[in-house]
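Novice: Quick one: this structure, given as structure tokens, is what I'll be asking you about.
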Amino acid sequence: MNAFTPLVLPNGSTLANRIAKAAMEENMADADHAPSARLMRLYQAWAEGGAGLLISGNVMVDSRAMTGPGGVVLEDELHLERFRQWARIGQAQGAQFWLQINHPGRQMPANLGQATWAPSAVALELGTMSRHFSKPQAMTTQVIEDIIRRFARSAQLAEQAGFTGVQIHAAHGYLLSQFLSPLTNQRTDQWGGALENRARLLLEIVKAVRAAVSPGFAVAVKLNSADFQRGGFSADDAKEVVGLLNPLGIDLVELSGGSYEAPAMQGQARDGRTLAREAYFLEFAREIREVARMPVMVTGGIRRLPVAEQVIDSGVDMVGIGTALAIDPALPRDWQAGQLSAPQLPAITWKNKALASLANMAVVKYQLNKLARGKATDPAVAPGWALLVQQLANALRARQYRRRMASR
């Protein structure tokens with residue numbers, strides 16, 4: 001078995017190989033928060049690149065709750081034909097295409113001007129960058145119930161549009177991850193306290209999504225292997241949550257890690273642990289594989305075929321690749337042809353870790369925007385320049401977003 005061996009999922013469908021284009025936040029929606037022509041061009045490049053699975057960047061279940069301006073939203077049928085076109089493009093070369101559905105919780109920029117909801121009223125701690133995020137309000141039972149319905153509705157619409165699955169985002173410090181962590185979930189009701197309660201929202205959403213779609217439609221979960229903050233969601237917690245997911249008809253669990261406060265998905269931890277230089281979360285994935293009854297995928301820093309093969313050889317079922325595919329969308333096809341490419345971005349060693357994390361994301365988005373315009377990528381772009389370009393674009397899109405929301 002190797003990276004190009006097909007994988008049969010629990011729902012009976014098959015992935016052509018074990019390589020997935022992992023989710024990266026593109027922020028390339030059109031003015032209606034639907035897939036734009038640029039976004040479709042980007043996914044055409046990935047579809048032609050040879051990965052067996054494409055997972056979209058964040059698709060929001062509520063237009064009032066965005067991870068950033070320019071995000072795609074799927075909450076009604078209004079622009080479903082554009083989603084159908086996007087689904088066709090992503091699957092044109094035989095890959096499965098799943099939408100990653102998400103809610104940001106407290107990780108929503110303050111300049112979007114919307115009320116911020118979270119499990120508890122716990123603000124982000126990002127030093128001088130904290131001011132860019134509002135202190136959230138603790139969610140009421142009614143808000144929680146609405147969010148469960150929204151995840152189920154977005155999944156139902158994704159199936160109607162022709163996607164082959166959804167991935168429920170419960171990692172990286174977004175809303176469902178916030179419920180799982182005792183640092184951000186300080187509730188004393190049925191949604192907080194013991195892990196079983198902190199996991200309740202994720203489990204209820206999974207059940208609602210599974211009930212809203214057909215048996216052959218894939219339902220996956222992206223879960224932190226840990227959040228890499230002392231006192232937070234731990235590797236033992238992750239194993240227990242996977243155990244709770246086992247009987248719920250999940251087709252794949254993707255393991256990543258971290259949040260805005262501790263961007264372990266970029267190789268940085270805040271709890272003193274040292275992450276591997278590549279395949280950051282493989283050690284955790286091996287442990288979770290022991291309890292998981294569904295296929296497991298690991299994402300985080302993988303860029304070389306020998307490392308991808310090491311992941312598969314260790315018993316993990318799928319390899320998720322993000323940044324390397326932002327630089328070279330044809331990487332799986334190149335590997336299969338015998339070219340041992342290993343795309344990499346230069347390390348950003350700024351002292352301000354929060355700013356360095358933003359710059360790293362900006363450099364990745366710079367590559368995505370190049371691909372979306374049909375141009376060659378530029379891994380050597382100056383991080384400061386990429387960050388400036390990104391911040392200016394965000395400011396413009398945030399202003400457009402506020403105007404759109406005010407007119408509704």
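Novice: (1) of a type outside the set (Ser, Thr, Tyr); (2) surrounded by fewer than 20 Cβ atoms within 10 Å (Cβ to Cβ); (3) part of a helix (DSSP H, G or I): which one isn't true of residue 31, the others all being true?
Specialist: Only one criterion in (1) of a type outside the set (Ser, Thr, Tyr); (2) surrounded by fewer than 20 Cβ atoms within 10 Å (Cβ to Cβ); (3) part of a helix (DSSP H, G or I) is unmet by residue 31, namely (3).
Novice: Residues that are crowded, with 17+ Cβ neighbours inside 10 Å and touching an Asp or Glu at 6+ places or on another chain (Cβ under 8 Å): does segment 389-397 have at least one?
Specialist: Within segment 389-397, not a single residue is crowded, with 17+ Cβ neighbours inside 10 Å and touching an Asp or Glu at 6+ places or on another chain (Cβ under 8 Å).
Novice: While we're on this one: Could you say whether any residue in segment 227-242 is closer than 30 Å to residue 80 by Cβ, buried (at least 20 other Cβ atoms within 10 Å of the Cβ) and either modelled with pLDDT of 95 or more or aliphatic (A, V, I, L, M) (or both)?
Specialist: Of the residues in segment 227-242, the ones closer than 30 Å to residue 80 by Cβ are none.
Checking segment 227-242: not a single residue is closer than 30 Å to residue 80 by Cβ, buried (at least 20 other Cβ atoms within 10 Å of the Cβ) and either modelled with pLDDT of 95 or more or aliphatic (A, V, I, L, M) (or both).
Novice: Taking residue 332 as meeting all but one of (1) assigned to a loop (DSSP other than H, G, I, E, B); (2) over 19 Å from the mean Cα position of the chain (by Cα), write down the number of the exception.
Specialist: Result: residue 332 passes all but (1).
Novice: Would you check which residues across segment 2-17 are under 17 Å from residue 292 (Cβ atoms) and at pLDDT below 95 and list them? Full working, then the answer.
Specialist: First pass over segment 2-17, keeping only residues under 17 Å from residue 292 (Cβ atoms): 7-11, 15.
Those that are under 17 Å from residue 292 (Cβ atoms) and at pLDDT below 95: none in segment 2-17.
Novice: Here's something else I'd like to know. Hey, among 45, 20, which residue is under 19 Å from residue 92 (Cβ atoms), open to solvent by 10 Å² or more (accessible area, probe 1.4 Å) and at pLDDT 95 or above?
Specialist: Details: 20 fails: open to solvent by 10 Å² or more (accessible area, probe 1.4 Å).
Result: 45 is the single residue among 45, 20 that is under 19 Å from residue 92 (Cβ atoms), open to solvent by 10 Å² or more (accessible area, probe 1.4 Å) and at pLDDT 95 or above.
Novice: Still on this model: Checking the conditions here, which among 194, 199, 218, 212 is among the small types (Gly, Ala, Ser), in contact (Cβ under 8 Å) with a residue 40 or more places away in the chain and either touching an Asp or Glu at 6+ places or on another chain (Cβ under 7 Å) or open to solvent by 40 Å² or more (accessible area, probe 1.4 Å) (or both)? Break it down into steps so the answer makes sense when it comes.
Specialist: On the way: 194 fails: in contact (Cβ under 8 Å) with a residue 40 or more places away in the chain; 199 fails: either touching an Asp or Glu at 6+ places or on another chain (Cβ under 7 Å) or open to solvent by 40 Å² or more (accessible area, probe 1.4 Å) (or both); 212 fails: either touching an Asp or Glu at 6+ places or on another chain (Cβ under 7 Å) or open to solvent by 40 Å² or more (accessible area, probe 1.4 Å) (or both).
It is 218.
Novice: Would you point out the residue of segment 92-132, among those that are free of Cβ contacts under 8 Å to residues at least 60 places away in the same chain and aliphatic (A, V, I, L, M), that is surrounded by the fewest Cβ atoms within 10 Å (Cβ to Cβ)?
Specialist: Of the residues in segment 92-132, the ones free of Cβ contacts under 8 Å to residues at least 60 places away in the same chain are 92-93, 108, 110, 115-117, 121, 123, 130-132.
Then keep just the ones that are aliphatic (A, V, I, L, M); that gives 92, 108, 110, 115, 121, 123.
Numbers: 92: 13, 108: 26, 110: 14, 115: 11, 121: 14, 123: 15.
In this case the residue turns out to be 115.
Novice: Is there a residue being of a type outside the set (A, V, I, L, M), within 26 Å of residue 167 (Cβ to Cβ), touching a helix residue (DSSP H, G or I) at 6+ places or on another chain (Cβ under 7 Å) and crowded, with 22+ Cβ neighbours inside 10 Å anywhere in segment 296-319? Steps first, answer last, please.
Specialist: Within segment 296-319, the subset of a type outside the set (A, V, I, L, M) is 299-301, 303-304, 306, 309-310, 313-315, 317.
Of the ones still in play, those that are also within 26 Å of residue 167 (Cβ to Cβ) are 299-301, 303-304, 309-310, 313-315, 317.
If we keep only those that are touching a helix residue (DSSP H, G or I) at 6+ places or on another chain (Cβ under 7 Å) as well, we get 300, 303, 314-315.
Retained after the next criterion (residues that are crowded, with 22+ Cβ neighbours inside 10 Å): 300.
There is at least one residue in segment 296-319 that is of a type outside the set (A, V, I, L, M), within 26 Å of residue 167 (Cβ to Cβ), touching a helix residue (DSSP H, G or I) at 6+ places or on another chain (Cβ under 7 Å) and crowded, with 22+ Cβ neighbours inside 10 Å.
Novice: Somewhere in segment 42-64, is a residue hydroxyl-bearing (Ser, Thr, Tyr), touching a residue at least 60 places away in the same chain (Cβ under 8 Å), more than 27 Å from residue 215 (Cβ to Cβ) and out of contact with any Gly (no Cβ under 6 Å at 6 or more places or on another chain)?
Specialist: Looking through segment 42-64, at least one residue is hydroxyl-bearing (Ser, Thr, Tyr), touching a residue at least 60 places away in the same chain (Cβ under 8 Å), more than 27 Å from residue 215 (Cβ to Cβ) and out of contact with any Gly (no Cβ under 6 Å at 6 or more places or on another chain).
Novice: Another question, then. Residue 331 - would you say it is in contact with a Lys or Arg (Cβ under 6 Å, 6 or more places away or on another chain), closer than 14 Å to residue 49 by Cα and in contact (Cβ under 8 Å) with a residue 60 or more places away in the chain? Lay out the reasoning, then the answer.
Specialist: Numbers: in contact with a Lys or Arg (Cβ under 6 Å, 6 or more places away or on another chain): no; closer than 14 Å to residue 49 by Cα: yes; in contact (Cβ under 8 Å) with a residue 60 or more places away in the chain: yes.
Answer is no for this residue.
Novice: Residue 385: open to solvent by 40 Å² or more (accessible area, probe 1.4 Å) and in a helix (DSSP H, G or I), yes or no? It would help to see each step written out before you state the result.
Specialist: Values: open to solvent by 40 Å² or more (accessible area, probe 1.4 Å): yes; in a helix (DSSP H, G or I): yes.
Yes.
Novice: Related question: Please enumerate the residues belonging to segment 346-369 that are open to solvent by 30 Å² or more (accessible area, probe 1.4 Å), more than 15 Å from residue 42 (Cβ to Cβ) and part of a helix (DSSP H, G or I).
Specialist: The answer is 353, 355, 358, 360, 361.
Novice: Quick one: is residue 184 closer than 25 Å to residue 231 by Cβ, in contact (Cβ under 8 Å) with a residue 12 or more places away in the chain, of a type in the set (S, T, N, Q) and open to solvent by 10 Å² or more (accessible area, probe 1.4 Å)? Before the answer, list the steps.
Specialist: On the way: closer than 25 Å to residue 231 by Cβ: yes; in contact (Cβ under 8 Å) with a residue 12 or more places away in the chain: yes; of a type in the set (S, T, N, Q): yes; open to solvent by 10 Å² or more (accessible area, probe 1.4 Å): yes.
Answer is yes for this residue.
Novice: Looking only at segment 133-156, filter to residues that are open to solvent by 60 Å² or more (accessible area, probe 1.4 Å) and either assigned to a strand (DSSP E or B) or in contact with a helix residue (DSSP H, G or I) (Cβ under 6 Å, 6 or more places away or on another chain) (or both); which one of those is modelled with the lowest pLDDT?
Specialist: 137
Novice: Against the definition (in contact with a helix residue (DSSP H, G or I) (Cβ under 6 Å, 6 or more places away or on another chain), of a type outside the set (Asp, Glu) and open to solvent by less than 30 Å² (accessible area, probe 1.4 Å)), how does residue 372 come out, yes or no?
Specialist: Numbers: in contact with a helix residue (DSSP H, G or I) (Cβ under 6 Å, 6 or more places away or on another chain): yes; of a type outside the set (Asp, Glu): yes; open to solvent by less than 30 Å² (accessible area, probe 1.4 Å): yes.
Here the answer is yes, as residue 372 does meet what is asked.
Novice: What is the residue count in segment 70-84 for residues that are in contact with a Gly (Cβ under 9 Å, 6 or more places away or on another chain) and open to solvent by 10 Å² or more (accessible area, probe 1.4 Å)?
Specialist: Of the residues in that region, 1 qualify.
The values are calculated or read from the model by the stated rules, or taken from the named source; none is laboratory data. As the structure is a prediction and not an experimental result, all values here were calculated from the model. Heads up, the Cβs are rebuilt from the backbone with ideal geometry, glycines too, and the neighbour counts pull from every protein chain shown. Surface accessibility is based on the protein's heavy atoms, side chains included, excluding ligands, DNA and RNA. Shrake-Rupley method; radii C 1.70, N 1.55, O 1.52, S 1.80 Å.
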